[in-house]
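Asks: Sharing a structure below in structure tokens format, with a few things to ask.
Nothing in this text is a laboratory measurement; each read-out follows from the coordinates by a stated rule. No experiment lies behind these values; they were computed from the predicted model shown.
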Amino acid sequence: MRRLLGLLTLCASLMAVFPAESLSKEKPPRVPRPEPQLKIVGLNIAPTPYALGNGPLQFSVTVQLPKEVDGSTILEVTSLISSPSKSSLRFLTYRQPIQVPPAVDGETGRSKVSVELAWDGQDHRKQLAGVGMYSYEVRTKLLANGEKGLRTVMVAWPKRGLLEVK
């Protein structure tokens, strides 16, 4: 019993002399990440608020492509729609080879592609989602066909938000 009491006293005195903050390393300041060449430049969600049973909820996503894109590159646009409890969720996806429009004389800007995703109001169990606020996250990436299948080449920053389901 005496040894245990002595050990506890020693630990308490060491904690007083060496506070926990001084033992941890400080993280170096982060350098801001450069903005990716692949960007979601437009996101339109209609109709808002969404009423169940009145047709699909449309996600219109406009993606700005990098300056140089290989014709065999695949564009993937995904959206995850989830309830606050994560008990009801739905994953929408679009994956197609990029159709790069021909450049107009003197045009050096980057190409833009529009993609439509539609949510029918059902969750992952094919049941109508409940009324309430849902969060969404739209992501896009470029994929290339490699030796072992598709691999990610470039990822854009996601767009997040809330939508109301009535």
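Asks: Given a cut-off of 26 Å, name the pairs among K39/K166; K86/K141; K112/K148; K27/K141; K126/K166; K86/K148 whose C-alpha atoms lie farther apart than that in the structure shown. Walk me through the numbers before you get to the answer.
Replies: Working: K39/K166 31 Å; K86/K141 24 Å; K112/K148 29 Å; K27/K141 30 Å; K126/K166 18 Å; K86/K148 33 Å.
Over 26 Å Cα-Cα: K39/K166; K112/K148; K27/K141; K86/K148.
Asks: In units of 2.2 N^0.38 Å, what is the alpha-carbon radius of gyration of the stretch 107-166? Don't skip to the end; give the middle numbers.
Replies: Values: Rg = 16.6 Å, N = 60, 2.2 N^0.38 = 10.4 Å.
This ratio for the stretch 107-166 stands at 1.59.
Asks: Here is a follow-up. What do you get for the angle between helix 2-17 and the principal long axis of the chain? Use alpha-carbon atoms, 0 to 90 degrees, nearest ten.
Replies: 60 degrees
Asks: Amide H to amide H, which residues 5 or more places from H124 or on other chains are under 5 Å from it, using H placed in the peptide plane?
Replies: Counting only residues 5 or more places away or on other chains, the set is L89.
Asks: From the phi angles alone, apply the Karplus equation (6.51, -1.76, 1.60; θ = phi - 60°) to the stretch 134-151 and give each ³J(HN,Hα) in whole Hz, x where the residue is Gly or Pro.
Replies: So the J values, rounded to whole Hz, are 10, 9, 10, 9, 10, 10, 9, 8, 9, 10, 10, 7, x, 5, 9, x, 6, 9.
Asks: Starting from the Cα coordinates of the chain, work out the convex hull volume and express it per residue in Å³. Before the final figure, lay out each step's value.
Replies: Values: hull volume 43.2 nm³, N = 166.
Given the Cα convex hull of the chain, per-residue volume reads 260 Å³.
Asks: Using amide H atoms built 1.01 Å from N in the peptide plane, name the residues 5+ places from V153, or on other chains, whose amide H lies under 5 Å from its own.
Replies: Excluding prolines and chain starts, which carry no amide H, the hits are L142, L143, A144.
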